[in-house]
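Enquirer: Quick one: structure below, then a few questions.
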């Protein structure tokens, strides 16, 4: 039976309403955001890359996977801000994408040259479903915090034995107790809209050698073992706690003890 004009108009209204609701839902999805921020030690900065994949139910792909990630604080030395507003959904090449992970670099400079910095990493995972025991929670203010503990490790490098520093960061509990692995947090998509995810990092008050049996602890700091000779790049102590070498600080000073330089 052919529909009447009234029935046709009603069907058109219903169709238009359905389209409007679908478009509204899609727009709402694509405009949802959350804030990522960090509470870091002095002279620290984070660099973040938010990675996106096709949303659940989507069969589309992005040609070459291009533009499926967004970077924040990529030039952290020149311009850094602790707060990053991150979109939960993005549309790229007509494909609706959803955030799946935030890759985080924790960086800090210890000298003036561009290479005088140490870094380690942290990760935030975001998925549709997650077992409760793995899911991070939010407080009444809409903030979720995960913790890390970093420590500087020092070593010497090259023929002049220049001091280099490595940043080592571990996951931690709120009370400071260390966990295994790197700083990490996980959420489901429905937890995030309008919320704040914070990474809080504490820096150890002491440094330690990066390689065992290469430095000897003395009352005022650490002394570098000589090894076979000054050209010995490994220079393990092997029980010889009498013969030490000088080393060079990143500022060019020749030193005999770290961190005070002179005894």
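The values are calculated or read from the model by the stated rules, or taken from the named source; none is laboratory data. Keep in mind that what you see is a predicted model, and the values were worked out from it rather than measured. With ideal geometry, Cβ positions are generated from the backbone for all residues, glycine too; neighbour counts draw on all protein chains shown.
Enquirer: Looking at segment 218-234, can you tell me whether even one residue there is in contact (Cβ under 8 Å) with a residue 40 or more places away in the chain, more than 20 Å from residue 155 (Cβ to Cβ) and either assigned to a strand (DSSP E or B) or not assigned by TED's automatic domain parsing to the domain that holds residue 149 (or both)?
Expert: no
Enquirer: Might you let me know whether segment 31-48 holds any residue that is within 30 Å of residue 205 (Cβ to Cβ) and at pLDDT below 95?
Expert: yes
Enquirer: Of the numbered conditions (1) out of contact with any helix residue (DSSP H, G or I) (no Cβ under 7 Å at 6 or more places or on another chain); (2) surrounded by 15 or more Cβ atoms within 10 Å (Cβ to Cβ), residue 177 satisfies every one except a single condition; which is it?
Expert: Condition not satisfied by residue 177: (2).
Enquirer: Among the residues of segment 157-180, which ones are within 21 Å of residue 43 (Cα to Cα) and in a strand (DSSP E or B)?
Expert: Passing the criteria: 163, 164, 165, 166, 167, 168, 169, 170, 171, 172.
Enquirer: Just the residues that are closer than 13 Å to residue 53 by Cα, crowded, with 19+ Cβ neighbours inside 10 Å and under 14 Å from the mean Cα position of the chain (by Cα), please, taken from segment 93-107.
Expert: The one that is closer than 13 Å to residue 53 by Cα, crowded, with 19+ Cβ neighbours inside 10 Å and under 14 Å from the mean Cα position of the chain (by Cα): 102.
Residues are listed down the side, and each one gets a yes or a no for (1) surrounded by 13 or more Cβ atoms within 10 Å (Cβ to Cβ); (2) at pLDDT below 95; (3) farther than 28 Å from residue 119 by Cβ:
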residue	(1), (2), (3)
217	no, no, no
226	yes, no, yes
238	no, no, yes
258	yes, no, no
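Enquirer: As an exercise: evaluate residue 250 against (1) outside any loop (DSSP other than H, G, I, E, B); (2) surrounded by 15 or more Cβ atoms within 10 Å (Cβ to Cβ) and give the number of the one condition it does not meet.
Expert: Checking residue 250 against (1) outside any loop (DSSP other than H, G, I, E, B); (2) surrounded by 15 or more Cβ atoms within 10 Å (Cβ to Cβ), the one that fails is (1).
Enquirer: Would you tally the residues in segment 76-92 being over 26 Å from residue 145 (Cα atoms) and either crowded, with 19+ Cβ neighbours inside 10 Å or under 20 Å from the mean Cα position of the chain (by Cα) (or both)?
Expert: 1
Enquirer: Then there's this: May I ask you to list pairs of residues, at least six apart or on different chains, whose Cβ atoms are under 7 Å apart, with the first in segment 57-72 being assigned to a helix (DSSP H, G or I) and the second being surrounded by 10 or more Cβ atoms within 10 Å (Cβ to Cβ)?
Expert: 63/93
Enquirer: Within segment 134-151, is even one residue crowded, with 17+ Cβ neighbours inside 10 Å, modelled with pLDDT under 95 and not assigned by TED's automatic domain parsing to the domain that holds residue 223?
Expert: yes
Enquirer: It is to be established whether one or more residues within segment 181-190 are over 15 Å from the mean Cα position of the chain (by Cα), within 28 Å of residue 238 (Cα to Cα) and assigned to a strand (DSSP E or B).
Expert: no
Enquirer: I've got another one for you. What about residue 101, is it modelled with pLDDT of 90 or more, closer than 26 Å to residue 203 by Cβ and assigned to a loop (DSSP other than H, G, I, E, B)?
Expert: no
Enquirer: Shifting gears a bit: Looking at segment 145-156, is at least one residue part of a loop (DSSP other than H, G, I, E, B) and in contact with a strand residue (DSSP E or B) (Cβ under 8 Å, 6 or more places away or on another chain)?
Expert: no
Enquirer: Only one residue in 73, 43, 67 is on the phi > 0 side of the Ramachandran plot, surrounded by fewer than 13 Cβ atoms within 10 Å (Cβ to Cβ), touching a strand residue (DSSP E or B) at 6+ places or on another chain (Cβ under 6 Å) and in the same structural domain as residue 185 (by TED's automatic domain parsing), so which one is that?
Expert: Only one candidate qualifies: 43.
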